[in-house]
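J.: My questions will all concern the structure given below.
The values are calculated or read from the model by the stated rules, or taken from the named source; none is laboratory data. Model, not experiment: these values are computed from the prediction. Neighbour counts are summed over all protein chains in view; Cβ atoms, including those assigned to glycine, are modelled from backbone coordinates with ideal geometry.
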Amino acid sequence: MTPDQALKEAASGALRPVYLVLGEERWLVDRVVSAIREAAAKGGIAGFNEDKFTAGDAPVESILGAARMLPMMAPRRFVLVRGVDRWEKKDDGDDGEGDDERGASGASGKRGVSKQLSPLDALAEYAKAPSPSAVLVLVATKLHGQRRLVTAAKKGDFLVGCEPLNRRALPGFIATVAREKGNPIAPDVADQLAELAGPELGYVVDALERLSLYVGPKQPITEDAIAQVVIRVRQSTVWELIDALGKRRLDRALAALADAYDPRDGGLRLLGAVSWSVRQMVKFESALAGGASQAEAAQRAGVAPFKANDVAQSVRQLPKGALAGWMRVLAETDLALKSSRRPAQAVLETMLMEMCAR
């Protein structure tokens with residue numbers, strides 16, 4: 001099931017006895033776990049029927065014992081286990097095909113010796129006949145798809161997938177969260193924020209919270225607000241930088257970088273702003289090449305009407321293929337900023353030199 005489906009289920013109070021919350025997007029995981037915990041606590045004393053474990057720090061027997069324990073003055077218990085993937089071993093032979101009990105003469109290779117179930121297998125066994133008075137929530141970043149626990153979760157529909165959103169879906173997520181906060185946001189502005197604040201949803205939601213407080217109730221989230229709150233550089237400055245690059249004016253480009261660079265974010269937000277602007281230019285150029293008018297090209301690229309002339313001029317002054325080369329340089333710079341030991345400003349200066357050379 002999706003995180004939204006799990007949240008709706010929790011809101012209705014119709015909880016399942018077991019959930020396997022699986023995925024790398026921590027914000028979604030925490031949101032789902034919190035909703036299930038809140039729903040499980042209804043009708044009882046907060047924290048009175050609750051146990052939290054970390055896989056490996058506590059034996060699986062203690063976890064299952066907690067799940068089978070009867071609740072006290074409440075309809076159900078809540079048992080949370082984080083880091084379930086810590087129990088996964090590459091060499092334990094659990095491929096989802098074995099018998100429930102690895103037996104007396106068989107799988108262990110030692111006649112007459114019974115092999116104890118692995119913790120993951122023990123959880124899979126529990127899920128076959130779980131306690132009706134407990135909600136067991138198992139959290140893992142990643143588990144092999146052939147694990148008995150995973151296959152059981154898929155068949156039983158208690159697997160909640162919390163994978164990161166792809167880049168295409170992120171603007172829609174931003175628009176939804178902004179709307180929930182009472183702040184409208186234009187599609188092109190949502191796309192800009194996705195480029196600058198993504199892909200981690202925790203940071204995106206935090207940025208939206210700060211933007212909502214900055215613009216005020218019912219006020220739209222704008223490019224200027226993003227410049228003030230998220231990247232601390234106005235988009236007009238970024239376009240000045242793009243214009244200098246298009247005219248091969250490295251001196252002006254370096255001067256614009258010096259004004260816009262913020263050491264607090266290691267240059268990543270500025271790079272995101274430049275990347276977003278270059279993507280707009282790529283879309284704009286593609287639309288023009290397809291026969292669209294300047295106004296139509298601006299609409300398809302998410303360019304505000306009053307900026308269409310400036311973007312058209314920037315695109316037309318570039319030699320053919322320059323934008324494709326710029327995109328490659330931007331991707332290489334992103335990798336360098338995240339992995340190189342060179343100072344971030346020096347990495348960005350090298351980027352500008354390469355873009356001017358192209």
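J.: Hey, any hits in the range 7-14 for a residue that's under 29 Å from P164 (Cα atoms) and basic (K, R)?
T.: Yes, some residue in the range 7-14 is under 29 Å from P164 (Cα atoms) and basic (K, R).
J.: Taking into account only those residues within the range 327-346 that are more than 26 Å from the chain's Cα centre (by Cα) and in a helix (DSSP H, G or I), which is nearest to L257 (Cα to Cα)?
T.: Q345
J.: Quick check on this structure: which one of A324, A287, A298 is among the hydrophobic types (A, V, I, L, M, F, W, C), surrounded by fewer than 16 Cβ atoms within 10 Å (Cβ to Cβ) and part of a helix (DSSP H, G or I)?
T.: A324
J.: Moving on. Which residues, taken from the range 153-174, are assigned to a helix (DSSP H, G or I) and crowded, with 21+ Cβ neighbours inside 10 Å?
T.: A153, L170, P171, I174 - these are the residues of the range 153-174 that are assigned to a helix (DSSP H, G or I) and crowded, with 21+ Cβ neighbours inside 10 Å.
J.: To continue, here is another question. Just name the residue that is surrounded by the most Cβ atoms within 10 Å (Cβ to Cβ) out of those in the range 327-349 that are of a type in the set (A, V, I, L, M, F, W, C) and either in contact (Cβ under 8 Å) with a residue 24 or more places away in the chain or not assigned by TED's automatic domain parsing to the domain that holds A289 (or both).
T.: Selected residue: L348.
J.: Name the residues in the range 1-56 that are in a loop (DSSP other than H, G, I, E, B), farther than 21 Å from V84 by Cβ and of a type in the set (G, A, S), would you?
T.: Selection gives G13, A14, G43, G44, A46, G47.
J.: Here's another thing I want to ask about it. Within the range 31-57, how many residues turn out to be closer than 27 Å to E88 by Cβ and surrounded by 15 or more Cβ atoms within 10 Å (Cβ to Cβ)?
T.: So the count comes out to 11.
J.: Another one. Given (1) at pLDDT below 85; (2) loosely packed, with under 13 Cβ neighbours inside 10 Å; (3) in a loop (DSSP other than H, G, I, E, B), where does F306 come up short, assuming only one miss?
T.: That leaves (3) as the condition not met.
Conditions tested, residue by residue: (1) modelled with pLDDT under 85; (2) closer than 23 Å to L165 by Cα; (3) more than 25 Å from the chain's Cα centre (by Cα).
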position: Y203; (1), (2), (3): no, yes, no
position: G216; (1), (2), (3): no, no, yes
position: V230; (1), (2), (3): yes, yes, no
position: W239; (1), (2), (3): yes, no, yes
position: D243; (1), (2), (3): yes, no, yes
position: Y261; (1), (2), (3): yes, no, yes
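J.: Closer than 20 Å to T333 by Cβ and assigned by TED's automatic domain parsing to the domain that holds A346: is that true of S286 in this structure?
T.: No: the conditions fail for S286.
J.: Select from the range 69-84 the residues that are over 21 Å from A10 (Cα atoms) and either under 32 Å from the mean Cα position of the chain (by Cα) or at pLDDT 95 or above (or both) and write down the one among them that is surrounded by the most Cβ atoms within 10 Å (Cβ to Cβ).
T.: Selected residue: V84.
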